[in-house]
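Chemist: Submitted below is the structure of interest, expressed as structure tokens.
A short reminder: the numbers here are calculations on the coordinates, not readings from a lab. Quick caveat: nothing in here was measured; it's all calculated off a predicted structure. Cβ placement follows ideal geometry from the backbone for every residue including glycine, while neighbour counts extend to all protein chains displayed.
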Amino acid sequence: QVYYQPIIELSSGRFIKAEALVRWKHPRRGMISPVTFIPLAEESGLILEIGELVFKQSIAFIHQWQKRFGYIIQISVNMSPIQFKFMNKFNWLNNLAQLGLPGNCINVEITEGLLLKDSAVVQEYLLEFRNNGIEVSIDDFGTGFSSLSYLKKFDIDYLKIDHSFINQLINSETDRTLVEAIIVMAHKLDIKTIAEGVETHEQQDLLIHFGCDYVQGFLYSEPIKGKAFEKMLVAQSVRK
Ligand code: C2E
Ligand code: CA
Ligand code: CA
């Protein structure tokens, strides 16, 4: 099953994006976390089908919500490195075209390590995404090895500041400094920032003070089903 977690634009306070997060509803064991099964799916190759499922369900909701609310909710999908190896990128573009949706309704989340490989295939994909308006985010930023020059070279659109930094924002001066520095650096490179795992108002206020662009976390909503997400959009349009 695919769940969606709202991403809030701090300047307007509105949900204008979401991240698609997959769950496995096991008949006996209940909900199984992606942390448990994604590595197995990557090993077995099943991640390709999962990736397709997440993408297709996401664009179907984007299409439905566009018709109902008159605007596009951009959905971020997580992409495993092996998807780059085997997927046919033209399928996605065709699927989008069939629904009459622009490329920028989709945001692809990748990790820093993928850029470091600097492989021809990855480069080709990222170029193809960019040429078609699909946006790219670096997930869990700050936890892996980064090459700052690659952020510019690959024309990255967003950095998602890892929740481990946000978690310690109030207690650790080091993490506060790092988060502020990441935001300043990103903006200098013309990249937007999304803070992950925001759970308290204190964290939010500090992120506003640092000029962070977007926030995501339990303070706003847990990942929820598409129908529940739609209800939040209804409430938002009533508040407007
Ligand atoms: P991620 O991409 O870093 O996703 C964010 C995780 O943080 C999600 O865990 C989300 O439920 C959790 N989270 C959100 N807000 C908060 C908060 O305020 N506090 C805390 N403590 N956690 C928060 P989830 O859904 O268990 O997903 C875990 C990971 O599984 C994801 O990490 C992602 O790497 C992977 N994953 C999920 N769906 C997919 C998918 O469709 N494809 C691929 N390749 N990986 C996926
Ligand atoms: Ca992610
Ligand atoms: Ca993340």
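Chemist: Sort E199, E49 by Cβ crowding within 10 Å, fewest neighbours at the top. Walk me through the intermediate numbers first.
Modeler: Numbers: E199 15, E49 10.
The fewest-first ordering by Cβ neighbours comes to E49, E199.
Chemist: Once you sort the root eigenvalues of the Cα gyration tensor of the chain as a ≥ b ≥ c, which label holds: rounded (a/c under 1.5), prolate (a/b larger than b/c) or oblate (the other case)? Kindly include the intermediate steps, with their values, before the conclusion.
Modeler: Working: a/c = 1.33, a/b = 1.10, b/c = 1.20.
It comes out rounded by the Cα gyration axes.
Chemist: Under the classification rounded if a/c is under 1.5, otherwise prolate if a/b is larger than b/c and oblate if not, where does the stretch 1-136 fall, given a ≥ b ≥ c as square roots of the Cα gyration tensor eigenvalues? It would help to have the intermediate numbers written out before the result.
Modeler: On the way: a/c = 1.57, a/b = 1.09, b/c = 1.43.
It is oblate, given that a/c is not under 1.5 and a/b is not larger than b/c.
Chemist: Still on this structure, please answer the following. Just subtract the alpha-carbon distance of L219 and A235 from 0.36 nm times their residue separation and send over the number in nm, one decimal. Can you show the working numbers first?
Modeler: Values: separation 16, 0.36 × 16 = 5.76 nm, distance 1.69 nm.
Fully extending the segment from L219 to A235 adds 4.1 nm.
Chemist: Using 0.36 nm times the number of residues separating N104 and R29, minus their current alpha carbon distance, what extension gain do you get? Please list the in-between numbers first.
Modeler: Details: separation 75, 0.36 × 75 = 27.00 nm, distance 3.72 nm.
Separation in residues times 0.36 nm, less the Cα-Cα distance, equals 23.3 nm.
Chemist: Once the piece of chain linking Y71 and K153 is laid out straight, how much longer is it, given 0.36 nm per residue of separation minus the C-alpha distance between them?
Modeler: 26.4 nm
Chemist: Can you sort Y4, Y150, Y158, Y71 from fewest to most other Cβ atoms within 10 Å of each residue's own Cβ?
Modeler: Working: Y4 27, Y150 15, Y158 23, Y71 11.
Least crowded to most crowded, the residues run Y71, Y150, Y158, Y4.
Chemist: Run the paramagnetic zone check for L53: 7 angstrom along Cα to Cβ, then residues of the stretch 76-93 with backbone nitrogen under 16 Å.
Modeler: Correct set: 78-80.
Chemist: Spin-label point model (7 Å from Cα, Cβ direction): what's the A120 to L46 distance in nm?
Modeler: With each label placed 7 Å out from Cα toward Cβ, I get 3.4 nm.
Chemist: Same structure again: Within straight cross-link reach of K17, meaning Cα distance under 22 Å, which lysines are found once same-chain residues fewer than 8 apart are removed?
Modeler: K56, K67, K160, K192, K225, K227, K231, K240
Chemist: Exposure proxy check: T200, T177 ranked by fewest other beta carbons within 10 Å?
Modeler: Details: T200 15, T177 10.
Ranking T200, T177 by Cβ neighbours within 10 Å, fewest first, gives T177, T200.
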